[in-house]
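Remarks on the structure that follows.
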Amino acid sequence: MIKKLIRSILGKKKKDPTQPLILGPKQHGINPQLVSPNAVRVTKTLQDNGFKAFIVGGAVRDLLLGVKPKDFDVATNATPEQVKRLFRRAFIIGKRFQIVHVMFGQELIEVTTFRGASSDGSPKDEHGRVLRDNTFGEQHEDAVRRDFTINAMYYDPATESVLDYHGGIDDIRAKTLRIIGEPEARFREDPIRMLRIVRFAAKLKFTIDPATRAPIPVMAALIDNVPAARVFDEMLKLLMSGHALACLQQLRKEGLHHGLLPLLDVVLEQPLGEKFVTLALANTDVRVQQGKPVSPGFLFASLLWHQVLEKWTAYKAAGEFPIPALHLAADDVLEAQTDKLALQRKIASDMRDIWAMQPRFERRAGKAPYKLLEHLRLRAGYDFLLLRCASGEIDSEIGEWWTGFMEGDGSERELLLAQKPKVAAEAAPAKKRPRRRGSRSGAKGVNTGSSAGGRGNDEQGGQ
Ligand code: ATP
Ligand code: MG
């Protein structure tokens, strides 16, 4: 009995890392219907031309969990050039890792060549982060280079077999996230893996293995050295995963939120905005889960709104008129975030549009509401207004008024406009004196004058 136990432990330790566990359809239970026909086309074409080719990574993980993967990656021993030659619409992209994008209509299949096992010889920054790595290798070496055991399995659609090099199947069954290799070294090589593990833990409801988790709080600061654009991409994936709320809670649990991004500090530490942010993220999660589009501009505008609000109030208190004050506040907030977060220009301008529209919703007389109906971002601005109402920041009456105005026909609109004095009287106590002056002086200026702090509103193209 003891001998058997020792043998099984030694046996496990001695497992040849170059030899995968191979599972047949009965053992893995993958439903071939969930596999993209285009991914199968890619593996088949490569195999027909004498190469090895497998579906790999997140798609295999999702297939094993019975979930339809949102995209498919293929790994092969063909070089990027060899892959490119086999497909009509194929493009080699990337610097840090070269990959081939093979396009079929709207669907994109990412094809990567097996990576070599060691990144020892690759250029690194002074903290040990791998900067570039295009050495190719064997399949088992490629498996070692992947991040987590559950992301390092290969599926061959032709034979319907799964190749598992690192105990991924066991970890899937035990709902465990485990990094491959020595955790500290792997997080150092690429600190983004810390954000990835948080996203997977929240999304899959998996537990992080204690040895994998242990170094995270100590290593969190290394994320600062990662180029802002990459952090931004990963944050966006996290926020648009359909589990944004859970992800942010998990970030906090792992001690990753502090100083990681100014954005997260703002979002997670401010009691005032918490309700607003929670509502915004819950909304986003529902939209993603329903397969509806989500705009990053709207998302980030929501996450940062209370910071804008605070600064806006301060500028107004210092004597600025409301509209220019709002733009100054927006400038401050966008500037503070752009450094770390590399907010793309398009996203930043969408955010500004959404914010700048908010005071315009307060103006419910004359031609102003009609003018606002023409705004290209009206829908986003209005959804944002409803969030402000739902969070208790402003009276829900204003949201109801706009719902009525947007949905109403000509006479209903006129009726709503005629109601205005009553509404204004109700809302009056909340309004300060400078606002009156501001709205009067801005009466004409607002439509064009939302550019007071810089950009005009209407120059942006539709979403
Ligand atoms: P999803 O697409 O659902 O977000 P994924 O696991 O497919 O999850 P991708 O970013 O598409 O994530 O990456 C595909 C695969 O590439 C991963 O499953 C993993 O094997 C490998 N990979 C991605 N990023 C890293 C990384 N930073 N370090 C090591 N391996 C990685
Ligand atoms: Mg993927």
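Over all directions, the average projected area of the alpha-carbon convex hull for segment 345-396 comes to how many nm²?
Over every viewing direction, the Cα hull of segment 345-396 projects on average to 3.7 nm².
Listed here are the pairs Lys237/Lys346; Lys203/Lys237; Lys175/Lys237; Lys203/Lys253; Lys316/Lys367; which of them are more than 19 Å apart at the Cα? Write out the running numbers ahead of the final one.
Working: Lys237/Lys346 17 Å; Lys203/Lys237 11 Å; Lys175/Lys237 21 Å; Lys203/Lys253 15 Å; Lys316/Lys367 26 Å.
Cα-Cα > 19 Å for Lys175/Lys237; Lys316/Lys367; rest within.
Please report, to two decimal places, log10 I(q)/I(0) for segment 308-415 at q = 0.12, 0.15, 0.19 Å⁻¹ as given by the Debye formula with identical point scatterers on the Cα atoms and no solvent.
Debye curve over Cα of segment 308-415, log10 I(q)/I(0) at q = 0.12, 0.15, 0.19 Å⁻¹: -0.47, -0.71, -1.05.
Place a +1 charge on the Cβ of each Lys and Arg in segment 275-324 and a -1 charge on the Cβ of each Asp and Glu, then give the dipole magnitude about the Cα centre in debye, rounded to the nearest 20.
Here the size comes out at about 120 debye.
Over segment 189-260, what number does the Rg to Rh ratio reach, with both radii from the alpha-carbon atoms and Rh per Kirkwood?
That ratio is 0.92, to two decimals.
Using R₀ = 35 Å, calculate the FRET efficiency as 1/(1 + (r/R₀)^6) where r is the Cβ-Cβ separation of Glu184 and Ala314; round to 0.05.
Efficiency, rounded to the nearest 0.05: 0.20.
Stokes-Einstein diffusion coefficient for segment 111-191 at 10 °C in a medium of 1.306 mPa s, Rh from the Kirkwood formula over Cα pairs: what value in µm²/s?
116
What list of ³J(HN,Hα) couplings, whole Hz, do you get for segment 158-173 from phi and the Karplus terms 6.51, -1.76, 1.60, once you set θ to phi - 60° and write x for glycine and proline?
Values, residue by residue: 5, 9, 6, 10, 10, 9, 10, 8, 10, x, x, 4, 4, 5, 4, 5 Hz.
Stretch Val218-Gln249 to full length: gain in nm at 0.36 nm per residue minus the Cα-Cα span?
9.3 nm
Could you name the aspartates and glutamates whose alpha carbon sits less than 17 Å from that of Lys275, not counting residues in the same chain fewer than 8 places away?
Asp265, Asp285, Glu310, Asp383, Glu393, Asp395
Give the order of Met406, Met194 when sorted by the count of other beta carbons within 10 angstrom, beginning with the fewest.
Working: Met406 14, Met194 26.
So the residues, fewest neighbours to most, are Met406, Met194.
Would you order Glu160, Glu414 from fewest to most other beta-carbon atoms within 10 Å of each residue's own beta-carbon? Display every interim value, and only then the final one.
On the way: Glu160 15, Glu414 11.
Final ranking by Cβ density, sparse to dense: Glu414, Glu160.
Shape verdict for segment 21-174, please, from the Cα gyration tensor: rounded (a/c under 1.5), prolate (a/b greater than b/c) or oblate.
Here segment 21-174 falls in the oblate category.
Here, each number is a calculation from the coordinates, and none is a lab measurement. Note that this is a predicted model, so its numbers are computed, not measured. FYI the Cβ positions are ideal-geometry reconstructions off the backbone, even for glycines, and counts take in every protein chain you see.
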